[in-house]
1. Here are some pairs, Lys47/Lys76; Lys26/Lys76; Lys11/Lys56; Lys11/Lys76; which of them have Cα atoms lying more than 22 Å apart in this structure?
2. With every protein chain left in place, what is the accessible area of Thr146 in Å² (1.4 Å probe, nearest 10)?
3. Could you size up the charge dipole of the range 6-144 around its Cα centre, putting +1 on the beta carbon of Lys and Arg and -1 on that of Asp and Glu, and report it in debye to the nearest 20?
4. How much accessible area does Ser132 have with a 1.4 Å probe, in Å² rounded to the nearest 10?
5. With all protein chains present, calculate the accessible area of Ile142 using a 1.4 Å probe and round the result to the nearest 10 Å².
6. Skipping prolines and chain starts, which residues have an amide H placed within reach, meaning under 5 Å, of the one on Gln75, given they are 5 or more residues away or on another chain?
Amino acid sequence: FRIAEATGFDKKTSNTFRALTPILSKARGVILSDELSDDSARAETLKQFFFMTQAKVIIPLLARDQTLGCIVVGQKQGDRLFTHEDILLLDTLSKQAAIAIDNGILYEALQKQNKRLEQMLEIQKEFLDIASHELRTPLSIIRAATSLIIKGDKAIMTHEKLLPMVHQAVLRMGSTVDALLLASRVDTAEFQIDAASYQSVALRPIVMNVIQSLELLQNKKTDTFTLRL
């Protein structure tokens with residue numbers, strides 16, 4: 001527990017109030033200063049707080065069996081005693097206040113969840129766009145290579161060179177499918193990434209593999225490119 005705001009209480013009184021938090025967290029009803037007759041540590045702590053603040057009543061704010069805070073009430077005018085009707089009124093007020101606070105907390109949590117869901121949907125959309133592009137490229141390579149193999153056309157590229165390209169394209173598609181399956185588990189509670197699995201990646205071989213996989217498609221066009229690493 002922490003004090004969010006302590007209006008009218010000086011630092012010393014606020015420190016005394018903090019000492020009450022273990023007691024208030026277990027309180028399930030109205031606490032009256034006039035009814036503290038025993039000498040337990042709990043009663044002594046409450047008596048000290050009532051004496052320092054001149055308060056007479058503490059009403060815990062309970063919602064879903066949790067203590068959200070409390071209402072501290074001073075003495076009545078003319079130092080009159082609190083009646084049974086007063087206690088009922090304060091108890092009703094505390095329950096309504098607790099419900100209102102709890103609803104506010106739930107609404108804030110729901111807003112955060114909705115925002116997170118929107119972010120996850122946006123990330124998922126971007127990922128699917130990238131994944132679809134990653135699938136189209138090897139599919140184009142496989143389609144072009146197998147078309148040449150079926151036609152028996154060795155003028156552009158021999159079968160010995162086409163088959164490894166098809167194999168690499170299939171491996172690339174497999175990696176993309178694995179990434180899609182991994183992405184489907186990202187937002188689950190069981191998903192974890194082991195820090196030991198992190199490792200350095202050499203970029204040059206990756207780029208060279210991409211260039212080689214695109215060689216078949218590039219041969220059909222007049223485009224040229226230069227690689228500098």
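The values are calculated or read from the model by the stated rules, or taken from the named source; none is laboratory data. Treat the numbers as computed from the prediction; the structure is a model and nothing was measured. Every residue, glycine among them, receives a Cβ derived from its backbone with ideal geometry; neighbour counts consider all protein chains shown. The accessibility values were calculated without ligands, DNA or RNA, using every heavy atom of the protein model including side chains. Shrake-Rupley method; radii C 1.70, N 1.55, O 1.52, S 1.80 Å.
1. Too far apart for the 22 Å limit: Lys26/Lys76; Lys11/Lys76.
2. Approximately 50 Å² for this residue.
3. The dipole of the range 6-144 has a size of about 360 debye.
4. That residue has around 40 Å² of solvent-accessible surface.
5. 40
6. When sequence neighbours closer than 5 places are left aside, the close amide H contacts are Lys56.
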